[in-house]
Amino acid sequence: LETLSSTSKMAAPMSNVDEIRDRVILGEFGVRNVHTTDYPGNYPGYDDTWDLEKFKKNFRIDIVNSDENMLEFDMIGIDAAIANAFRRILLAEVPTMAIEKVFVYNNTSIIQDEILAHRLGLVPIKADPRLFEYRNPEDQEGTEIDTIQLQLKVKCTRNPRAPKDSSDPKELYLNHMVYSGDIKWLPIGNQADVFADAKIGPVHGDILLAQLRPGQELDIVMHCVKGIGKDHAKFSPVATASYRLLPEITLLQTIEGEQAERLKRCFSPGVIEIQNVNGRKVAKVVNSRLDTCSREVLRHDDLKSLVKLGRVRDHFIFSVESTGILPADVLVTEAINVLISKCQKFLTELDAAEMD
Amino acid sequence: MTHMICGQQHIHAASTGHVERAIDANMVRTDGADEGCVTFVLHEEDHTLGNSLRYMIMKSLSRVVCFYSQDVEFCGYSITHPSESKINFRIQTRDGVAASEPLRSGLNNLTEVCKHVLHTFEARMQAFRDKEEPMS
C-alpha cells in the first residue's frame, strides 16, 4: 500500500493552500497546521460545503490485516472528528458482559475479598453482549435476560503422592494455583437452552487469580452484567483501539552517497531505500507508512533542510485489538451503530420538543 | 474549547430574558425572542458526539447561495465540568433561521456518514474474507 506522493523520487511540490488543507506539518520544534480548516467560506474558490455524494466518492476503507482478535484497516477521506468519535466509542461505549457482583461464601486464601473481586471483574467473559439486556437499576436479584451466573470453587490440599523432601509447590500441593479456567458457568432459567452451544465463561483459561496453600479454599458465586467502558474499564471490549495518520516524507532534493546512507538510518527500517542510479547511490522513499515519525532527521543540520515531514490529514490507519469477547471487525460495526443510535436519540428528542 | 467561527466574525450580544424549557435529555436556553441563538444542553454526552456534531454542522449547506453567507454563524461546544456528564452545544444562525434546523440537519448528515462508513466497511470486510478463503 503506497501513497501516491511517496512513489515519485521528488514529488512536485504541493501548492501552499493544498498543503495547509491536506497536510499536518511536522516541524523541528512542534507540529503545525493541525486543525481542520476546510469549512465553507474559509478558502475562496473552494466549495467546501457538505456534499454526501462528494464524500462517498472520496471515502475509502482498505483492510490491511485481520485475524481473530486484531484488525488493521485504513479509513481515507474522513475528518478527524468522526474518526476520533469511532475510536472513543470503541474504547468506552461498546457494551460487554463483565463480573459485577461477587458473593464470597468462603475465602480463606491470603488474597483479600476486595482484591479478588477486583481481579475477577477484570477477567474478560466470552458472552455476546448483544443477546443480553442492561440490568434494571432497582433489581437486586437479576433475571436470565440480564445476568450470567458463574461459580469459582477451589480447595487446595496436600498431595499425598508427593516425593519426599521435594520443595516444588507443583508437586507438594493440589489446586494451589487458581486460574480463570476454574470458573464454571451456572445457567439460570432458560439460559441452558438458549446458549446450549455457546461456551459461556472466561475468554482465557490461564489468568492466574489467586494462589492457595493446603487448607485454604475459595467458594464464590459471581453475577455478570452488561455495561460500558465509560462506567468501568472492565467493560471495555478492546485491548486497545488507536489510529495514526499516514506519514508523508518528501525529499526536496536528490540525496546521494554518504548522505543517503545517513538519511536511511534516520527513518524506520524499510522507509528509505538506496538505489543505484548511474553508478551513484541515491535515496528514495519507498514506504512512508512504516515510519514512526520520530523526526530524527531534523536533528541533523545538513539533512533537515532536504526533507519535508508531514502527515496526510484524512488518512487514518486504525488498529483495533479485541480482548476476545467479540471479533475486532464486529466491534467496529457495533461502534458505528452506537454513533448512529446517539444521533437518532437526539433526533427523536428534537421531534418531541417540537411537539410542545 | 474549540470554537469555529465561519465567515465573518459576528458575535450576538446576549439579549435580556432567558426562556428555559426542560425536556428529558435536552435543555434549551434561548436568548430573548431570537430562536436563532440557542444553547442546547446535551446530557450524558462528551467529545465523542460533541466534536463530530460540531464538524457536521459547520460543514452544512447554506440555503442562501451567496459568497460568505452561511446559515450557521457560530457553532461550538464545551464541557461545563469534567465531573458532570453533559455538554453545552451552542448554535447561532443568521437571518432568523431556527437553531434547531442546523442541529437537525447536522444529526441527519452524521447519521448518513455513519451509515455509509458502515456499508463500506462491511463490504470491504466481506471482500477481504472472500479473498482469504481460498488461501486457508
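Calculate for chain A the 222 nm mean residue ellipticity that helices alone would give, adding -39,500 (n - 2.57) per DSSP H run of length 4 or more and normalising by residue count, nearest 500 deg cm²/dmol.
Values: 9 runs with 86 residues, N = 356.
The helix contribution divided over chain A gives -7000 deg cm²/dmol.
Normalised by residue number, the volume inside the convex hull of the Cα atoms of the protein assembly as shown is 245 Å³ per residue. The distance from the alpha carbon centre of the stretch A:288-307 to that of the stretch A:99-174 is 52 Å, rounded to a whole number. Among complete DSSP H helices in chain A, those whose alpha-carbon atoms stretch at least 24 Å along the helix's long axis and whose mean Kyte-Doolittle hydropathy reaches 0.5 are A:328-355. Pairs from the list A:101/A:345; A:199/A:234; A:126/A:342; A:345/B:115 with a Cα-Cα gap above 22 Å: A:101/A:345; A:126/A:342. For the listed peptides B:109-122, A:44-57, A:307-320, B:80-93, a ranking on the average number of other beta carbons within 10 Å per residue, highest first, reads A:307-320, B:109-122, B:80-93, A:44-57. Taking a ≥ b ≥ c as the square roots of the eigenvalues of the Cα gyration tensor, the stretch B:79-124 is oblate, since a/c reaches 1.5 or more and a/b is not larger than b/c. Taken residue by residue and averaged, Cβ atoms of other chains lying within 10 Å of the Cβ of B:39-46 number 2. Using R0 = 25 Å, the C-beta based FRET efficiency linking residue A:239 and residue B:115 works out to 0.35. Within the stretch A:270-356, all pairs of alpha-carbon atoms sorted by distance into 10 Å bins from zero give the percentages 12, 23, 20, 17, 15, 9, 4, 1, 0. Sorted largest first, the spans of the alpha carbon positions of the stretch A:186-297 along the three principal axes are 78, 38, 29 Å. With R₀ set to 51 Å, the beta-carbon distance separating residue A:258 from residue B:129 gives a calculated FRET efficiency near 0.60.
To the nearest whole percent, what portion of all C-alpha pairs in the stretch A:25-66 is separated by more than 11 angstrom? Kindly include the intermediate steps, with their values, before the conclusion.
Numbers: 660 of 861 pairs.
That fraction is 77 percent.
Return the lysines within reach of residue A:308: Cα separation strictly under 19 angstrom, same-chain partners fewer than 8 residues apart disregarded; answer none if there are no such residues. Residue A:308 reaches A:9, A:264, A:284.
Legend: mean number of C-beta atoms from other chains within 10 angstrom of residue C-beta atoms, peptide A:65-78, equals 1. Inter-chain neighbour count for A:83-89: the average number of beta-carbon atoms from partner chains within 10 Å of each residue's beta-carbon is 4. Size of the stretch A:1-135 from its Cα atoms: along the principal axes, largest to smallest, the extents are 73, 37, 30 Å. Close amide H contacts of residue A:94 (hydrogens built in the peptide plane, cut-off under 5 Å, sequence separation of 5 or more or a different chain): A:229. Over the stretch A:121-257, the pair-distance histogram of Cα-Cα distances with 5 Å bins from zero comes to 2, 8, 14, 15, 13, 11, 8, 7, 5, 4, 4, 3, 3, 3, 2, 0 percent, rounded to whole numbers. Charge dipole (Cα centre; +1 on Lys/Arg Cβ, -1 on Asp/Glu Cβ; no other charges) of the protein assembly as shown amounts to roughly 1600 debye.
Values quoted throughout were computed directly from the atomic coordinates according to the rules given, and no laboratory measurement underlies them. Small disclaimer: the values here were computed from a predicted structure and weren't measured. When we count neighbours, we look across all protein chains shown, and the Cβ atoms used for this are built from the backbone with ideal geometry, even at glycine.
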